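Structure first, commentary second.
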Amino acid sequence: MTEPPSAGPGPVSKIVAGVLLVLPFPVYLAVPSYAKITPRIAGFPFFYWWQLLWVVLTAVCIGGAYLLTRRNDGGVR
């Protein structure tokens, strides 16, 4: 006999997932705060490595939101 699908994520998981999805936007929009040259890392100005760092952190945030909101029904979708 198969198990019924599990319930969806709870309200706390949805709120945390929403925060994770919104978190990168203020950082990307605050350009004057990171529009500078120093400090340099491996020759790259701060502006470039800060944006690249946030590309990676945004992917982590989206992955975390996905993990918080996915359903564990154990079947193939």
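The values are calculated or read from the model by the stated rules, or taken from the named source; none is laboratory data. Fair warning: this is a prediction, and the values are worked out from it, not measured in the lab. Note: accessible area is taken over every heavy atom of the protein model, side chains too, but ligands, DNA and RNA are not part of it. Shrake-Rupley method; radii C 1.70, N 1.55, O 1.52, S 1.80 Å.
Roughly how much of Ser13 is accessible, in Å² to the nearest 10, using a 1.4 Å probe?
In the full protein context, Ser13 sits at about 40 Å².
Give me the number: length gained by fully extending Val27 to Tyr48, i.e. 0.36 nm times residue separation minus the C-alpha to C-alpha distance, one decimal in nm.
6.2 nm
If you wrap the stretch 11-68's Cα atoms in a convex hull and average its projection over all directions, what's the area in nm²?
For the Cα atoms of the stretch 11-68, the hull's average projected area reads 4.2 nm².
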